[in-house]
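Student: There's a structure below that I have some questions on.
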Amino acid sequence: MRSIPLRTVLAVVGAAYCAGALTAHWTWSRMAASASGSRPAIAVEPADAPPHEEPGPAGTIGEIAAHDDLSARDLLMPVDGVTPSELRQSFAESRNGREHEALDILAPRHTPVRAVADGRIARLHASIRGGLTIYQFDASERYCYYYAHLERYADGLRDGMPIARGQVIGYVGTSGNAPPDTPHLHFAIFAMGSEKRWWEGTPIDPYPVLQ
């Protein structure tokens, strides 16, 4: 029988020891995670993901406070001739696979759309879904009011322009992906973060605010 070199024996023993130590460490880590009720996890957002803020669950203290705050501001009905009783709740409805997060206010084409509060025009923007849209910051720049599917803007409206509550800023239409035979204003409210970005915020249901 041929003898095995001592160097080979030591190498095999060392490898077995390392493998055993790694296995014991992995087993201990799993047991510790289970005992604490947590599991190590790493979530990496894609580099090309659009900026966003995650809204809290409906009825959270933050959302309730925002509703109370907005209700105290006495926002104007943004479409002429529409009363609160004519509004229909649609915030949580599904539209094209995504939550609506807005209020559709039906009215004849070319009906004036008015600013719900004092503030300034943060952005006049045309998009595939919203068509002709207006992003308005309120005077405190805490909230952004969003008006979409407009037929046209009011004459002279421009980015950065200060506007007053009740001022005509546009007209009801069907631009964007709105049904061509259903003119309406898509109206949304966002609570903005510290960055004050016109495209980013936590959606607030406008329906109870306008009641």
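The values are calculated or read from the model by the stated rules, or taken from the named source; none is laboratory data. Note that the structure is a prediction, hence the values are computed from the model and not measured. Every residue, glycine as well, gets a Cβ built from its backbone with ideal geometry; the counts of neighbours run over all protein chains shown.
Student: If I ask for residues that are modelled with pLDDT under 90 and not in a loop (DSSP other than H, G, I, E, B), which ones from region 78-97 would you list? Working first, answer last.
Tutor: The first filter runs over region 78-97 and keeps only residues modelled with pLDDT under 90, leaving 92-97.
Listed by number, the residues that qualify are SER94, ARG95.
Student: Consider GLY97 carefully, then state whether it is free of Cβ contacts under 8 Å to residues at least 12 places away in the same chain, over 22 Å from GLN211 (Cβ atoms) and surrounded by fewer than 16 Cβ atoms within 10 Å (Cβ to Cβ).
Tutor: On the way: free of Cβ contacts under 8 Å to residues at least 12 places away in the same chain: yes; over 22 Å from GLN211 (Cβ atoms): yes; surrounded by fewer than 16 Cβ atoms within 10 Å (Cβ to Cβ): yes.
Spelling it out, GLY97 is indeed free of Cβ contacts under 8 Å to residues at least 12 places away in the same chain, over 22 Å from GLN211 (Cβ atoms) and surrounded by fewer than 16 Cβ atoms within 10 Å (Cβ to Cβ).
Student: Follow-up question, since we're still on this one. For region 128-145, enumerate the residues that are touching a Phe, Trp or Tyr at 6+ places or on another chain (Cβ under 9 Å) and either surrounded by fewer than 20 Cβ atoms within 10 Å (Cβ to Cβ) or assigned to a strand (DSSP E or B) (or both). Before the answer, list the steps.
Tutor: Within region 128-145, the subset touching a Phe, Trp or Tyr at 6+ places or on another chain (Cβ under 9 Å) is 130, 132-138, 143-145.
The answer is LEU132, THR133, ILE134, TYR135, GLN136, PHE137, ASP138, TYR143, CYS144, TYR145.
Student: Say we look at region 98-127 and pick out the residues that are of a type in the set (A, V, I, L, M) and outside any strand (DSSP E or B); which of these is modelled with the lowest pLDDT?
Tutor: From region 98-127, those of a type in the set (A, V, I, L, M) are 102-103, 105-107, 113, 115-117, 121-122, 124, 126; that's our starting set.
If we keep only those that are outside any strand (DSSP E or B) as well, we get 102, 107, 115-117.
On the way: ALA102: 95, ALA107: 98, ALA115: 98, VAL116: 98, ALA117: 98.
Restricting to residues being of a type in the set (A, V, I, L, M) and outside any strand (DSSP E or B), the top hit is ALA102.
Student: For region 65-77, check the following and say yes or no: at least one residue is at pLDDT below 95 and either touching a strand residue (DSSP E or B) at 6+ places or on another chain (Cβ under 6 Å) or more than 20 Å from ARG165 (Cβ to Cβ) (or both). Don't jump to the end; show me each part of the working.
Tutor: Filtering region 65-77 for residues at pLDDT below 95 gives 65-74.
The next check asks that each one be either touching a strand residue (DSSP E or B) at 6+ places or on another chain (Cβ under 6 Å) or more than 20 Å from ARG165 (Cβ to Cβ) (or both); those that pass are 65-66.
So far as region 65-77 goes, yes, one or more of its residues are at pLDDT below 95 and either touching a strand residue (DSSP E or B) at 6+ places or on another chain (Cβ under 6 Å) or more than 20 Å from ARG165 (Cβ to Cβ) (or both).
Student: Right, something else. Answer yes if at least one residue in region 160-170 is within 19 Å of the chain's Cα centre (by Cα) and either farther than 28 Å from ALA65 by Cβ or in a strand (DSSP E or B) (or both), and no otherwise.
Tutor: If we filter region 160-170 for residues that are within 19 Å of the chain's Cα centre (by Cα), which is where we start, we get none.
No: zero hits.
Student: Restricting attention to region 62-77, and to residues there that are of a type in the set (D, E, K, R) and not in a loop (DSSP other than H, G, I, E, B), which single residue is surrounded by the most Cβ atoms within 10 Å (Cβ to Cβ)? Outline the logic, then answer.
Tutor: Going through region 62-77, the residues of a type in the set (D, E, K, R) turn out to be 63, 68-69, 73-74.
Cutting the leftovers down to not in a loop (DSSP other than H, G, I, E, B) gives us 63, 68-69.
Working: GLU63: 18, ASP68: 11, ASP69: 15.
Here the answer is GLU63.
Student: Sort out which residues of region 111-131 are more than 18 Å from the chain's Cα centre (by Cα) and β-branched (Val, Ile, Thr), and write them in order of number.
Tutor: Those that are more than 18 Å from the chain's Cα centre (by Cα) and β-branched (Val, Ile, Thr): THR111, VAL113, VAL116, ILE121.
Student: Which of the following residues is within 19 Å of ASP80 (Cα to Cα), basic (Lys, Arg) and surrounded by fewer than 19 Cβ atoms within 10 Å (Cβ to Cβ): ARG152, ARG120? Spell out the reasoning first.
Tutor: Values: ARG120 fails: within 19 Å of ASP80 (Cα to Cα).
Going through ARG152, ARG120 in turn, just one is within 19 Å of ASP80 (Cα to Cα), basic (Lys, Arg) and surrounded by fewer than 19 Cβ atoms within 10 Å (Cβ to Cβ): ARG152.
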